[in-house]
Ligand code: NAD
């Protein structure tokens with residue numbers, strides 16, 4: 001049976017296509033236990049971020065697992081308050097310390113805010129210093145990525161964007177493919193939305209393949225070439241979410257899923273509130289205790 005497949009990045013490194021995401025697992029022990037559970041199920045890719053405030057727990061789980069560091073792909077993301085003016089380099093050093101690793105596999109600019117060009121230049125330095133292997137972006141549109149490519153010397157390895165069957169992101173994906181930028185997907189299960197998970201087509205396909213609707217959706221992502229890191233604290237779901245290599249959707253089933261696209265985002269706040277929310281997020285006391 002095919003195992004957790006790797007995707008080639010334009011940085012020449014490889015990333016396991018399925019990872020485990022730790023967004024909103026604020027408690028240190030909950031996060032450490034969940035990452036240990038994921039690693040024991042065979043996940044070898046963890047997606048965290050400075051703003052998730054759980055890098056220390058991720059690092060502790062990696063060490064406690066006894067798995068070789070080189071076998072685990074770790075991603076973190078720089079929060080916007082750390083963009084430019086030397087702040088990005090310091091933020092990278094802090095993430096290295098919290099994760100307790102010698103290098104980070106992939107570091108992303110979390111949002112296209114403020115001095116993202118200055119932050120990119122500093123990430124490029126961190127690649128030269130071998131603190132980071134690959135760098136990329138998250139939530140950037142094509143114009144912002146074009147600006148980055150004109151400005152920098154490294155083309156982002158990935159763009160991490162919201163994507164699921166109700167928001168299939170066809171246009172930006174076409175652009176990313178033209179630049180050899182891999183697509184990383186957040187909210188792959190619509191953040192657990194019942195409407196998406198109970199969609200009739202997924203229920204029907206789940207019966208056919210003896211899988212759950214969540215597994216059908218994740219298999220669809222794999223067949224689109226997306227890199228995914230679904231989150232769950234439920235050990236059964238953590239195991240299920242990586243058990244999707246023993247079946248394949250047909251071309252006609254993929255076609256039916258493509259018709260479900262309704263450009264629906266699960267982001268709950270209006271665009272105008274984004275800046276305020278991002279500032280508030282920064283003020284949450286650090287679970288990381290630094
Ligand atoms: P998700 O789509 O992975 O949904 C997670 C929810 O789905 C769980 O809380 C649970 O309720 C449900 N679920 C998971 N597995 C299931 C299963 N097998 N059966 C039934 N229900 C199941 O959404 P998410 O966790 O919010 O996002 C995934 C990851 O994406 C995050 O952990 C994080 O790493 C990343 N992310 C990045 C950004 C960004 O701006 N870059 C934003 C949000 C999330």
Could you go through segment 240-250 and let me know if any residue there is farther than 27 Å from residue 15 by Cα, without any contact (Cβ under 8 Å) to a residue 60 or more places away in the chain, within 11 Å of the ligand (Cβ to nearest atom) and surrounded by fewer than 20 Cβ atoms within 10 Å (Cβ to Cβ). no
Looking only at segment 80-103, decide whether some residue is within 16 Å of the ligand (Cβ to nearest atom), closer than 14 Å to residue 52 by Cβ, touching a residue at least 12 places away in the same chain (Cβ under 8 Å) and assigned to a loop (DSSP other than H, G, I, E, B). no
Just give me the residues in segment 224-237 being crowded, with 23+ Cβ neighbours inside 10 Å and in contact with a helix residue (DSSP H, G or I) (Cβ under 6 Å, 6 or more places away or on another chain), in sequence order. 228
If you go through segment 30-38 one residue at a time, do you hit one that is in contact with a helix residue (DSSP H, G or I) (Cβ under 7 Å, 6 or more places away or on another chain) and assigned to a strand (DSSP E or B)? no
Which one of 7, 15 is part of a strand (DSSP E or B), within 15 Å of the ligand (Cβ to nearest atom) and modelled with pLDDT of 95 or more? 15
Is it true that residue 189 is over 22 Å from residue 144 (Cα atoms) and near the ligand (Cβ under 8 Å from one of its atoms)? yes
Residue 226 touching a residue at least 60 places away in the same chain (Cβ under 8 Å) and either more than 11 Å from residue 247 (Cα to Cα) or within 10 Å of the ligand (Cβ to nearest atom) (or both): yes
Is it fair to say residue 43 is surrounded by 21 or more Cβ atoms within 10 Å (Cβ to Cβ), within 11 Å of the ligand (Cβ to nearest atom), within 25 Å of residue 244 (Cβ to Cβ) and modelled with pLDDT of 95 or more? no
What do you reckon, is residue 144 more than 9 Å from the ligand (Cβ to nearest atom), surrounded by fewer than 21 Cβ atoms within 10 Å (Cβ to Cβ) and within 19 Å of residue 263 (Cβ to Cβ)? no
Residues being modelled with pLDDT of 95 or more and surrounded by fewer than 20 Cβ atoms within 10 Å (Cβ to Cβ): count how many of those fall in segment 85-95. 6
Residue satisfying all of: in segment 49-73; without any contact (Cβ under 8 Å) to a residue 40 or more places away in the chain and within 16 Å of the ligand (Cβ to nearest atom); farthest from residue 244 (Cα to Cα) among these: 52
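The values are calculated or read from the model by the stated rules, or taken from the named source; none is laboratory data. Values in this document were obtained by computation on a predicted structure and should not be read as measured data. Positions of Cβ are backbone-derived with ideal geometry, glycine not excepted, and every protein chain shown enters the neighbour counts.
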